[in-house]
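First the structure, in the form of structure tokens, and then the observations on it.
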Amino acid sequence: MPEIRPLQAADLAVVADMFQRVLRKRRTPTPASLPGYLQRLYLDSTDGTAGSPSLVHVADDGRISGFIGVTSQPMRFNDKKLNASICGSLMVDEDQRNDLSGARLLKAFLVGPQDLSFSETASDVTASMWTTLRGSILPGYSLDWIKVLRPAAFAVAGAKQRMPIARLGAPVARAVDACLGLRRSGEFSRWFGAGDATASQGRYTVSDVDADGFAGQLDKFISRFAVHPAWDDKSLSRVMTDASAKKDFGDIFRCTVAARTGAIIGAFIYFGRPGDIGHVLQVLALPSQAGAVIDCLINHAASAGLAGIRGRTQPALLEAMLGRRIIFINVNSTVVHSRDPELVRQFQAGNGFFNGLVGEHWSRIFGDHFD
């Protein structure tokens, strides 16, 4: 009989091979350091007594044929402490995808002792399984946003992700973008380039900070949400360390945004290289200041030579994004499950802080390579 059981250290080599094939879609041998990182992420740093542990699906022949990776996230709802479990990688070998092993793994995860269960990377199929098991899709958290800064370079950067030879078109793209005159005013400039974001120059100060400096600002921005993370120093340090290691995405930029008074009104983290599409991990802003912070982020990325930037929405940022010629697409969905309907309602109303540093994309699995 197939069984589902908690992940064990002895399983890590097999699970790492599955990661390489199924999640990372690589045909190269599994990096030697990947099993060790998975142990740190899913075994050493996760409290399996506070929520669901990571789980494996064992087929009839004793082979591990499926895996669901789980990380712990202490949270707070007003003055109440909560245990949240974040469902990361749900993977099933191709020859097992018709036997409901993925659904069994997800069901076993959701019946764990945690108060809240999340995922920000649910595919259409996985999101359907969540809703079948009484989970809820959160539309306001489920959109990827894209801001094009240099359209020709953006097209080349997108193409070379599938066809590496497309990188040869980068010099032509730079010439085309220069000819387009992206600094001129008008609707074209609002869609492509920094556009109206340049109006914020001089009104706000953008300053680089290190990981500790960024972490020190977090409580200022997240405590206003009814449901928000309750990191201790150790767990937050681990998140910030892993969130800084994304070599595939390029250089890291951690910045705070200050008004003329010197008061910090926002902050952001993103990764990128000149000519590439940057990946935004987190945007933070005080109420009514989201537009200014987004403008500063767009300006910063344009000045760094990026072709464009993309990130994940949060309801608190959506209104400000709507007037800035940003494109929205749904790639994966953010989903939530709880036995307490009030917790779900808080997220449906946009009163929960999730995605980015509170989710899955802070880990090295997204954007880093393992030598």
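The values are calculated or read from the model by the stated rules, or taken from the named source; none is laboratory data. Predicted model, so just to flag it, every value in this text is computed and none were measured. Every residue, glycine as well, gets a Cβ built from its backbone with ideal geometry; the counts of neighbours run over all protein chains shown. Note: areas computed on protein heavy atoms with side chains; ligands, DNA, RNA excluded. Shrake-Rupley method; radii C 1.70, N 1.55, O 1.52, S 1.80 Å.
Observations on the model:
- Which listed residue, of Gly48, Gly88, Gly62, is modelled with pLDDT under 90 and crowded, with 19+ Cβ neighbours inside 10 Å: Gly88
- Remark: Ile265 matches the filter, which requires a residue to be in contact with a Leu (Cβ under 8 Å, 6 or more places away or on another chain) and not acidic (Asp, Glu).
- Residue count for segment 236-255, restricted to those that are of a type in the set (Gly, Ala, Ser) and open to solvent by less than 20 Å² (accessible area, probe 1.4 Å): 2
- Checking Asp368 against (1) of a type in the set (Asp, Glu); (2) assigned to a helix (DSSP H, G or I); (3) open to solvent by less than 10 Å² (accessible area, probe 1.4 Å), the condition it does not meet: (2)
- Test: residue in segment 120-138 that is among the hydroxyl-bearing types (Ser, Thr, Tyr), under 25 Å from Asp17 (Cα atoms) and surrounded by 16 or more Cβ atoms within 10 Å (Cβ to Cβ): yes
- Cβ separations smaller than 6 Å between residues 6+ apart or across chains give the following pairs from segment 274-298 residues that are within 27 Å of Gly158 (Cβ to Cβ) and open to solvent by 30 Å² or more (accessible area, probe 1.4 Å) to residues that are among the aromatic types (Phe, Trp, Tyr) and at pLDDT 95 or above: His279/Phe249; His279/Phe271.
- Within segment 145-152, one or more residues are at pLDDT 90 or above, under 22 Å from Leu318 (Cβ atoms) and either among the aromatic types (Phe, Trp, Tyr) or part of a loop (DSSP other than H, G, I, E, B) (or both).
- Val331 satisfies every condition listed in (1) of a type in the set (Val, Ile, Thr); (2) surrounded by fewer than 18 Cβ atoms within 10 Å (Cβ to Cβ); (3) in a strand (DSSP E or B) except (3).
- Search result, residues across segment 168-188 that are of a type outside the set (A, V, I, L, M, F, W, C), surrounded by fewer than 15 Cβ atoms within 10 Å (Cβ to Cβ) and either at pLDDT 70 or above or assigned to a loop (DSSP other than H, G, I, E, B) (or both): Gly181, Arg183, Arg184, Ser185, Gly186
Matching residues to (1) under 16 Å from Ala243 (Cβ atoms); (2) of a type in the set (Lys, Arg); (3) touching a strand residue (DSSP E or B) at 6+ places or on another chain (Cβ under 6 Å); (4) without any contact (Cβ under 8 Å) to a residue 12 or more places away in the chain:
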{"residue": "Leu306", "(1), (2), (3), (4)": "no, no, yes, no"}
{"residue": "Arg325", "(1), (2), (3), (4)": "no, yes, no, no"}
{"residue": "Ile329", "(1), (2), (3), (4)": "no, no, yes, no"}
{"residue": "Arg364", "(1), (2), (3), (4)": "yes, yes, no, no"}
{"residue": "Asp368", "(1), (2), (3), (4)": "yes, no, no, no"}
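- Ser207 vs. criteria modelled with pLDDT of 95 or more, open to solvent by less than 50 Å² (accessible area, probe 1.4 Å) and either in a strand (DSSP E or B) or more than 27 Å from Lys147 (Cβ to Cβ) (or both): yes
- Residues in segment 336-363 that are of a type outside the set (A, V, I, L, M), within 17 Å of Arg238 (Cα to Cα), open to solvent by less than 20 Å² (accessible area, probe 1.4 Å) and assigned to a loop (DSSP other than H, G, I, E, B): Gly356, Gly359, Glu360, Trp362, Ser363.
- Residues that are part of a loop (DSSP other than H, G, I, E, B) and either open to solvent by less than 20 Å² (accessible area, probe 1.4 Å) or farther than 20 Å from His361 by Cα (or both), drawn from segment 256-273: Ala259, Arg260, Thr261, Gly262, Ala263
- Lone qualifier among Val15, Val70, Val56 - being part of a helix (DSSP H, G or I), within 18 Å of Gly88 (Cβ to Cβ) and among the β-branched types (Val, Ile, Thr): Val15
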